[in-house]
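What follows is one structure encoded as structure tokens, with my remarks underneath.
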Amino acid sequence: MYCKLCRCKAIIRLPYAKLSLCRKHFNEFIERKVLKSINRYHMVNSGRRVLVAVSGGKDSSTLLHILSSLRSTLKLELYGVYIDLGLGEYSKYSRECVEKLFKTVNVEYTIIELEKGLGYSVPKLSSLSKRPKCSICGLIKRYTLNAIALHNRIDIVATGHTLDDVIAYIVKEFITGNYSQLYKLKPKLDAIPGLMPSRIKPLIEVSERECLTYAISNKLPVHYGECPYSPEVSLEMEIKQFFNRLEVKHPGIKIQFLRKFVKEYSKSLEGSEGNIRKCSVCGLPSSSDICALCKLVGRVDGSYSRVLDFHKYIEGLEFKHP
Amino acid sequence: MGIFKVKIIPKNIVREVNIPGRSEIKVYELLEALNFVVEEVVVTRGGSEILTEYDTVREGDDIVVFLAPSGG
């Protein structure tokens with residue numbers, strides 16, 4: 001099979017775009033696609049200092065690589081962050097990959113060590129609080145990204161959520177009746193001045209298969225392993241499988257579904273984040289008087305001092321040149 | 001004859017696909033036998049060559065199937 005544009009050997013066939021592409025033209029295609037999404041959803045009109053959250057997996061690594069190639073076109077100041085959640089060898093290897101990637105793309109970065117800053121790893125906090133690890137992990141990541149952004153005048157936080165992630169979450173929230181969380185799946189969440197940066201999903205129209213192909217073809221240092229705590233069966237994974245099978249029979253159905261959602265629901269979801277205020281303990285964004293992390297640590301320890309120390313730890317971190 | 005060894009990432013398991021009488025097959029035939037659809041995988045040979053579903057693999061090739069869906 002040959003590239004439709006140059007007749008070199010193709011590495012991927014994209015039925016939804018009626019294209020087969022070689023490595024060079026696939027890279028250009030994906031980078032252009034991300035640029036189009038950024039413009040289509042007005043992702044970078046609220047500032048130029050962008051923090052990219054990189055986990056070491058294929059999606060966020062692909063995101064950082066693409067944004068670094070677009071930074072002069074978009075006039076972005078890029079910064080990277082890796083959060084070491086204390087998941088043993090998994091975290092250790094992910095960190096090695098991420099540090100290599102920061103060097104490759106020449107992006108200033110910082111590393112947050114949860115055990116050093118908060119005194120707990122995700123598994124430890126999970127066992128003490130008896131809450132699922134995935135829920136603690138998500139909570140810590142959101143809190144930490146907000147804190148770093150706040151202390152470093154970051155305008156925008158970019159995350160590696162893909163087309164498959166977003167459509168799976170949309171369906172999941174509908175199935176579970178969790179409608180109040182749907183606003184979080186918009187391509188861009190507006191900033192709340194002085195409290196929260198804007199949050200964007202530049203890969204929202206890129207599939208996981210395209211991210212994986214991009215990461216392999218560019219030989220990105222990526223941790224292809226599975227999180228040791230990822231569940232054997234999950235609703236999201238089942239929905240992703242369903243959509244992938246549907247996409248084979250109906251090319252383009254995933255992107256159609258996403259665009260319909262954004263067009264039909266985004267307007268009605270505007271302002272859903274309007275109840276966000278400052279946590280009365282730590283000062284970070286919260287949907288109630290006390291934020292979720294302060295509540296959690298307060299319940300486990302009987303005091304909030306660890307969160308306040310964690311805050312100071314993050315405040316003291318600096319971005320370093322790779 | 002007709003045994004194709006495939007490593008599956010991230011599970012890190014090796015599976016054997018037995019298609020009697022065939023020393024080479026198309027990638028889509030291999031995926032069918034493994035019960036995967038093309039939209040959920042990337043297939044490589046020899047560590048770095050990325051294959052489309054219409055490429056041919058041979059017995060003894062170093063084939064890796066990367067699963068795209070992540071999270072959970």
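Structure values in brief
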item	result
Count - residues of segment A:218-251 that are buried (at least 21 other Cβ atoms within 10 Å of the Cβ) and of a type in the set (S, T, N, Q)	1
When residues of segment A:189-220 are limited to those that are in contact with a Leu (Cβ under 7 Å, 6 or more places away or on another chain) and closer than 20 Å to A:Leu51 by Cβ, the one nearest to the other protein chains (Cβ to nearest Cβ)	A:Cys211
Some residue of segment A:94-114 being modelled with pLDDT of 95 or more and more than 25 Å from A:Thr62 (Cβ to Cβ)	no
Within segment A:285-322, tally of residues that are assigned to a helix (DSSP H, G or I), over 17 Å from A:Val122 (Cβ atoms) and aliphatic (A, V, I, L, M)	1
Leading residue by the ranking (farthest from A:Ser126 (Cα to Cα)) among those in segment A:226-242 that are more than 7 Å from every other protein chain (Cβ to nearest Cβ) and in contact (Cβ under 8 Å) with a residue 24 or more places away in the chain	A:Ile239
Helices (runs of 4 or more DSSP H) wholly inside segment A:122-184 that include at least 2 residues being within 21 Å of A:Ile200 (Cα to Cα)	A:133-151, A:163-175
Pairs where the first residue, in segment A:191-217, is of a type in the set (Lys, Arg) and the second is in a strand (DSSP E or B), C-beta under 7 Å, 6+ apart	A:Arg199/A:Val157; A:Arg199/A:Leu189; A:Arg209/B:Val42
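For every residue, the table says whether it meets (1) at positive phi; (2) assigned to a strand (DSSP E or B); (3) surrounded by 13 or more Cβ atoms within 10 Å (Cβ to Cβ).
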site	(1), (2), (3)
B:Ile8	no, yes, yes
B:Lys11	no, no, no
B:Gly21	yes, no, no
B:Ile25	no, yes, yes
B:Glu32	no, no, yes
B:Ile50	no, yes, yes
B:Glu53	no, no, yes
B:Val57	no, yes, yes
B:Asp61	no, no, yes
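The values are calculated or read from the model by the stated rules, or taken from the named source; none is laboratory data. Note that the structure is a prediction, hence the values are computed from the model and not measured. Note that each Cβ is placed from the backbone with ideal geometry, even for glycine, and that neighbours are counted across all protein chains shown.
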